[in-house]
1. Distance from the Cα centre of the stretch D:54-131 to that of the stretch B:8-47, in angstrom?
2. Scanning chain A for helices, which whole DSSP H stretches are 27 Å or more long along the axis (Cα) and average -1.0 or more by Kyte-Doolittle?
3. Starting from the 7 Å offset along Cα-to-Cβ, what nm value, one decimal, do you get for the label separation of residue C:147 and residue A:45?
4. Just from the alpha-carbon atoms, what are the Rg and Dmax of the stretch A:71-281 in angstroms?
5. Give the angle, between 0 and 90 degrees and rounded to the nearest 10, that separates the Cα long axis of helix B:6-32 from the longest principal axis of the Cα atoms of chain B.
6. Using θ = phi - 60° and the Karplus relation 6.51 cos²θ - 1.76 cosθ + 1.60, list the HN-Hα couplings for the stretch C:119-130 in order, rounded to whole Hz, with x at every Gly or Pro.
7. For the stretch D:242-352, compute the orientation-averaged projected area of the C-alpha convex hull (one quarter of its surface), in nm².
8. Hey, what D do you get for the protein assembly as shown in µm²/s if you plug the Kirkwood alpha-carbon radius into Stokes-Einstein at 20 °C and 1.002 mPa s?
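Values in this text are rule-based calculations from the coordinates and carry no lab data. Because the structure is a prediction, the values reported are computed rather than measured. Here the Cβ positions follow ideal geometry from the backbone for every residue, glycine too, while neighbour counts run over all protein chains shown.
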Amino acid sequence: MGLLYSTLKYLAVTLWSVFVIAPFLWAISTSFKDFQSVTNGATYIPWVDFEPTLEGWRALWKSPAQGGVAIVEPFFNSVFVTAAGSAISIVLGTLAAYALSRFTFKAGPIRNGDITFFFISQRIMPPVVLAIPFFIMLGKFSLLDTLMGLILVYIVLLMPIAVWIMVDFFNKVPREIDETALIDGCNPYQAFYKVVLPNSIPGIVVAGMFCMIFGWTDFFFSFILTFTEVQLLPVAIVALNSSITPWWSLSAAALVSVAPLVFVAFIVERFLSKGNLSGALK
Amino acid sequence: MNFKHKYMFLLPGLLVLLGILIFPIGFTVRLSLSSWDSFYPGLDFIGIENYIRLFTDDLRFWEAFGRLSMLSLTTVFLQYVIGFSLALMVWKDIVFQRFFRVLFLIPMMTTPVIMTVIWRTVFHESLGPVNDFFNLFGMNPLWLSSEILAKFTVILVEVWQWTPFMFLLLLAGLLSLPKEPYLAASIDGAGPIRTFVYVTFPLMAPISIGAIIIRLIEASKIMDTVYVLTSGGPGTSTETSSFYIFIKGLREFQFGYSAALSLTYLIIMIISFTIIAKILVKLMVRGN
Amino acid sequence: MKNSIRVGVLVGSTALLGSLAHADQWSDQFPHIKNTGDIAGECSYDSMSKKDYSGQKLTINTHAVPVMGEPTALHAEQFSALTGAEVNVIHTPAGDLYSKAMVPFQAGQAPYDIVFGFSNFIRDWKQYLQPVPAKYVNMAQMQDITQSHIDVNSWDGEMIQFPIDGDRHYLKYRRDVIDNPEYQAKYKAETGNELRIPQTWKEYAEMAAFFNGWDWDNDGELEYGSAEVMKKDDLMFAAFFSRSVAYSKNPRVKGGFFFDLETMEPLINGPGFVEALTDWVEATKYVPPGGINFGLGDEINSFGGGQTLFSFSWDDAFVKAMEDDSPIKNKVGAAPLPGATRVWNRDSGAWEQEFNQAPYIVWGWTAAVAKKSKNHDMAFDYLCFFANDANHQADIGIGRFGVNPFKKSDFVPEIYVERQGWDPEIAKQYADTLMEMEEGSTNRVFPLRVPGVFQFNSAVATGTSKALAGQLSPQEALDEVAAEWTKIVKRIGADTVREAYAIGVALEDAE
Amino acid sequence: MSLIASKLCLKPDTEYHLNDVCFEMSKGEIYTIIGRTLAGKTTLLKTIAGLIAPESGSLTLDGADFGRIPVWKREVAMVYQQFINYPHLSVYENVAFPLKQRRMPKVEIRNRVMRALSQVGLDGFENRKIQALSGGQQQRVALARSLVKEANIVLLDEPLVNLDYKLREQLREEFRNLFSAKASENSILIYSSTDPVEAMQLGGQILVMDEGRILQQASAKEVYENPNSTKVSQITNDPAMNLFEGTVADGKVILSAEIHFELPQHCQALPQGSYIFGLRAAAISLADGGFPFTVELSEISGSETFLHLKHEHVQMVGLLDSVQNFNIGETVSAQFDTAHLYAFATDGRLKSSPYGGLK
């Protein structure tokens, strides 16, 4: 039993690992190819299967006028919009989640659960539904193609995630802790700030992580709502998807876009191992 | 607890969200009653004509819905089963535990639209590595251009991308399980399978339900993958609802009609999710 | 400062060739034009350097890098250096070019001064576009452009889009196969037919099938028959129409190819189209693995990379194959699209057994200036500069730029021989084929340029891809397309569509 | 200083409910609220603290409307049955928290905190993390935090219920010492419990609660001696007082055909009729010459034995002061100490008590 079980387990884990890594390995290999190496059928190992070049990687630093893809500025735009959108969503979402978890709201037939569902239901809407109205609205306020406009949209995108995670989290934190803080002389804001918040860090980390993932990986809104000033990374990379797709620079750019979030994966794992997140995610 | 201060917590978020959304939603409702298209951009009033067309003369929309249900239920089911298995496997007693955990999380961190471009090269039927391998056996599966395999490929990419999400939630759930029930189970002499069925699974039911619902919501928007991988083809065999709405809206610029599609879609989805959530709760918490 | 400017407007092959390797002050500063130096004209480097747009901003939406995107960005950089203007360029995938400009247009926004797109967007876009001012229409640079490309960029005689590129579908083939006596003998022996440049789609199919799935160029890889755009995307309809024209465009029938202009009934499910779609379904058997999901990029990579015998669509695959690093450089040939041995006559309702060929004037890249732009002068100057002789000459030699011949002076074989090292015979064949399509034929079909063109094309893509995937028979698929077209016409209004379609039909029927 | 509640009401819409609660409390006194789970004890404490607003009724402290003062200004302290502390703070910071909130000078905070910690026996623990403490220690921290404030009103909501038996006994002893010291000072102490023994041990005033109502408010001794109703008699006794339906006729108490006995001295005044009679478990003993009862269950607890007995429809629990083993079904002879017999009217009101009846 034991031996068979661990053999199967290691086999399964190894197989899945291969599946997870495979596209990255292929992308790494492809990023060193050129047109010839790509069109001659699948090749894998540089120097053995094909002659590696740095063409794909160089394209990342070149401007489009030299056939490059200039991803440095979009990269930092992405970082900024994701960070700002996540931060605002978490602040507002945490406050709202706290209210929904601790207080009772009644308005006609509407109860706390309905308000929570309203927040979460924003994620049900496919982006295409909102793209046009958003465009018209942002246009009216001259917020098209601005960081500000994009952040507004990201709030709609990310706040539901923050509310979802934080309501769950607060429901698991005994409310007696906040009550004690009130009894000990804190007004509700102080209680929130001095007692609830410091004890919600695991929840906030999880919410922040999810916001960052969903923000970083969004493509559609930034694609529709920006032109030249504020290009985000996925849009810049997809712009390589020309009628002649340069597989090599596309692969290199994809790898660059993945890199920062790999660090997030490390951080998440650390939190998991220390048990800090477990409570927050349950 | 109930203070007047409660509104100060709820309202900032709620009002910001409502403030940002009230125009888009209102506008979409109005748009759905107009014939706005590429040629006549304007909010004329044509009553519920778009809705009539949608319910009487748009088989493709309903087919897309059926396809969406199939794709999202299949992918989420696979993600759940695989994610749960992986979480159980790296839960305890495994070498390189941290390595595996980090590795299993990574796909979720990548941008779907970008990774799908990579996947398209992987599954490229004549230049990609997958068929290079199958060629060894004299086979040449058409991953993107046969009706059935294209669906399979879309599912495969979705599973790759989002299984980590399930994995993360479920692993975190496992790590926070109380120890007492396991002690009791081992005293009762329950084997690993019985322990799983009677202890682990019931304890994991609430988090499982949450994870499945959230994944279903996200999976129902499946768009980037189809957009890059197959454009809904071959034929319409991978065309899902949101992609169909995208085609009607941003390709053909039938804004009025696509607004009607969107709202109908939204209402159906909200009802479906409510029902699915109820069913899941019944199914999974039945033991307790 | 400007000491080596040549005076006079000389646009002709001799002038161009004479300027070869003629370095001047501008080519020192801008190595892109090192082959020709600046060529005098209204929008030459020299003329532009006299303009001062400093402090002004120009925003351009163009295609993804490199096709059209790279030259746009490059010329933007040059324009900026010459005039002091600030030029921002945004790159968008082809499928989204229409919506990326259309969304702001419809929302009443003007984020872009210049929008790049395809000439068949013209009907939907034109209400938002600024017509090209007379001073540009009348300048010498414009006189050099072929009539087809003037027509493509104009609406009812008024030039709306600025010609910057030439486009057409033609046949590309492997000379090392078709002209190979050994293969000719083998083919003759096995099929009883001549191995030659295919004159009809049936010949094309037979040869493609014959040379499908074996290593006929001995490079260790398998080769296939044909690479075509079969992916259900925004380009698919063009491939289908290229295959349809020979069967359906009867020079003796007037009054519409896509619709009957009188009734606005769609003709797309007629026997000619069904025959073409039947051919196309057959073609799925001789395309490379996955060929049914090839977009234009895949087609270019496939033929350009030496994987197939034939290909037909835009110039790109040919130019790619003829680039210096190509393994099949000087092994490819260009020819008009195949014809058919019979053509449908919808007036008589019968096939006419007669050889027929009909060039389909496929839309191509164009650029236009937004009506709401605040910088009309600067925007037109940019486009004019983009297409000036020096830039154009340099651009057409770079395959990935996607800029192709559309000026009369382009159809001179020597250019390609001397600048790009083409075999003279291939260069002549190429120039002749293109010129014949531009000026020679009298049985041309103009692209569908009507309101809601995307809905029509999208319906074609949906229907034909169902047939290619085997979901429907060709007749069923096209009946479905026709039904969809009828609905679209009804939605938009038959008169509105007719009014727009009549303009294209008038050009066809005038011949 | 006195805290007066009048007609506090909260509809049982949620888990909380209060029903016409009135009481008067004065400083220097310990009040124990006793009631079963969900009787409304926690609700009442939270209402006094200001965490819950009553729907009607008033609460006044020294004549001032207490209801208008938000919880954070009420100067109350509360200890919960769960061990509630601030997990992100150390022991010292936890105890100092309310004082810092009052912006007290640092030196004084230090003095007060150290004194409070030493009162609860946590000298030397001030730098520990809360998670590093045992349950009993955590509850001591919570207690220290409530002491350190020197609040007007100290609320203790079943503070010992989640501790194990031994610790509970030990802490209860300490609590009593602490509280009797506190009680001499300026606070009102309100302690809630489900445990009658605990309530009796603490002494002071007792409020018996059930279903959101206060059934009886009196000194511990009075509640013990003269429970004003059958409900109170059950809530305030562990095991609950045995109740029998019966009649008084011809100078006899008749519980069933076979079980009847002379009307005891203190009940002589009862007119004939139906009553509910009450007898504490301790008033039942095994001795020859009693009534024959069948043993249904026997439980040994510490040095005592609980014996569940039955005779026809008459059921009761007896408490024996020794450890004895019985076979189930065995017949024993049970004697009633009728001198300690209570008589209640059929609606539950106390009619007659061995201690002379309600004062």
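1. First find each Cα centre; the distance between them is then 51 Å.
2. Going by DSSP H runs, the hits are A:2-31, A:72-102, A:147-172, A:247-273.
3. Placing both labels 7 Å along Cα→Cβ, they lie 6.3 nm apart.
4. 19.5, 68
5. Result, in degrees: 40.
6. 5, 7, 6, 4, 5, 6, 8, 4, 5, 9, 10, 8
7. Mean projected area for the stretch D:242-352: 6.9 nm², to one decimal.
8. 57 µm²/s
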